[in-house]
Amino acid sequence: MDIIKTKEEKFKRFTDVMTGKIPDRVPVLPNTETWIFHYAGISIKKAFAEDADLLFEAFKIFDKDVYTDGVLSISNTFPLNMSSKLGSGLYQVSDVGVQIHGSKGKNIEPNEYRELAKDPLKYFANVIIPKKLPIFKNSFENNVQTIKIAFQDFSEFGRYNAQAINRIENELGLPILVGTTNYISPDVVLDYLRDFVGISTDIKRYPEEVISTCEALYDWILRMFTSSNIPRNGKVIFSPLHLPTYLRPKDFEKFYFPFMKAYVEKVCVKMDYPIYFFMENDWTPYVDIMQDLPDTNNFIGLFEKGDLKFIKEKMKNKIMMMGGMPLSILSMGTKQECIDHAKKCLDELAPGGGYIFSTDKVLMSMNDARAENLIAVCEYIKENGKY
Amino acid sequence: MEKDVYEAFIQAGDELAAENNVDKNAMEGIMEKLIYLFVTRI
């Protein structure tokens, strides 16, 4: 079959879901991330930083055995060559995966919120970057050279990934769904400024400072985003939502939801870009608050936990549903147990459209799913998910 | 007084714009994103 036609047919299943149409069948999109490289027996370090052809080979081996209608991303998200020259960053890659340094997400103290909120751009440049990357405690001339080298490395990182994506899409007919990544500002505070303990305490002790900082960051990030030339190619803008389910609903309503709602209204409704939120943990306690989101099909959420049938019904016309297949069953269950659960996903979540079959969590290592189980459920949905 | 890191980004952007024959304002926007990425991507 013609590869380009295959790619277009697969991609259309997603665009149908995200334009309120019922596709020919339920799209199959397991969140396979770095599991692909383990399955293919290819070093993640080499695939991410040394040879783009190896990255392609991993997807080729995966695609030969596992049916999917696309993959979310090629998983090479962090510019590792650039960061290794700048010093030890937050992320480290090895042959088996990308790890986060647990202590590197805290870059400011609570007494810095006010100054940061006055001018996030200059605070990031002049205070946080030299603190995080000591290479910038250097002469002006050396800093200029460091930045120029980093720019070249980042450009090369973009070309490296573009080469792999182009081959995966046009030689395998496998669409890569995520076009770009963006963050909701409270998650920037959590992930990169104050870390988990910090923001949890700050919400109680410095609520106004947290909110004013999130507002300043939101405005800055959105201005950068809207001034970028993001292609209108139907690919989704991905945002992992990390903080919400660690908040009590009343704190979610105050500290997070205003930014989430404003983001959906601006990017998804006014600018008409499709967005994909990775909605970690159980969102059931927040569905009443989220009724205040605008009606749109252009917004898909991967829900990790909870009664997805209930959430889908409650969030009808606001969030398209993705997920349903637990890694716990894929990794520990029998093939029949996996197929039985995939059938349950179809029975409960597919009726009426607005559903993409996926795993509840990201598959990072080989142990996250038995290959025969993943192959079986993807094949089952392909054969039985017709509308 | 030594110029700060933000000014180093602006200077680097100006030099890269001249070396690559691209618009200076566009490069300034790219430098702004690079500042953001230095904190959120590495």
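The values are calculated or read from the model by the stated rules, or taken from the named source; none is laboratory data. Keep in mind that what you see is a predicted model, and the values were worked out from it rather than measured. Positions of Cβ are backbone-derived with ideal geometry, glycine not excepted, and every protein chain shown enters the neighbour counts. Calculation scope for accessible area: heavy atoms of the full protein, side chains included, ligands and nucleic acids excluded. Shrake-Rupley method; radii C 1.70, N 1.55, O 1.52, S 1.80 Å.
Structure notes:
- Within the range A:241-274: backbone nitrogen closer than 20 Å to the A:Lys204 label point (7 Å, Cα to C-beta): A:243-256
- Shape category assigned to chain B from the gyration tensor of Cα positions, a/c cut at 1.5: oblate
- Label sites at A:Lys343 and A:Ile149, each approximated as a point 7 angstrom past Cα along Cα to Cβ, lie 6.1 nm apart.
- Carbon and sulfur %, accessible surface of the range A:245-387 computed with the full protein complex present, 1.4 Å: 49 percent
- Computing Rg and the Kirkwood Rh from the Cα coordinates of the range A:267-387 gives a ratio, Rg/Rh, of 0.99.
- Taking the Cα atoms of the range A:24-64, the ratio Rg/Rh between the radius of gyration and the Kirkwood radius comes to 1.08.
- Rounded to whole Å, the principal axis extents of the Cα atoms in the protein assembly as shown read 70, 49, 37, largest first.
- Per-pair calculated FRET efficiency, R0 = 35 Å: A:Asn281 and A:Lys85 via Cβ, rounded to 0.05: 0.45
- A crude spin-label estimate for the pair A:Asp272 and A:Thr6, with each label 7 Å from Cα along the Cβ direction, gives 3.2 nm.
- log10 of Debye I(q)/I(0), alpha-carbon scatterers only, for the range A:136-198 at 0.12, 0.21, 0.28 Å⁻¹: -0.61, -0.92, -1.01
- Computed on the range A:59-103, the Cα convex hull volume stands at 105 Å³ per residue.
- Buried accessible area, chains A and B (both chains, 1.4 Å probe, Å² to nearest 100): 3200 Å²
- When peptides A:286-296, A:335-345, A:184-194 are sorted by average Cβ neighbour count within 10 Å, with the highest value leading, the order is A:184-194, A:335-345, A:286-296.
- Using the 1.4 Å probe convention, the accessible area of chain B works out to 50 Å² per residue with neighbouring protein chains retained.
- Kyte-Doolittle at least -1.0, axis length at least 20 Å by Cα - qualifying DSSP helices, chain A: A:3-17, A:52-65, A:140-172, A:207-227, A:335-349
- Considering only A:Arg114, A:Arg370, A:Arg167, the mean-square fluctuation computed in a Gaussian network model of chain A, springs between alpha carbons under 10 angstrom, is largest for A:Arg114.
- Probe 1.4 Å, protein heavy atoms only - accessible area per residue of the range A:193-258 in square angstrom: 47 Å²
- A:Met224 paired with B:Asp14, simple spin-label distance in nm, labels 7 Å along Cα-to-beta-carbon: 2.2 nm
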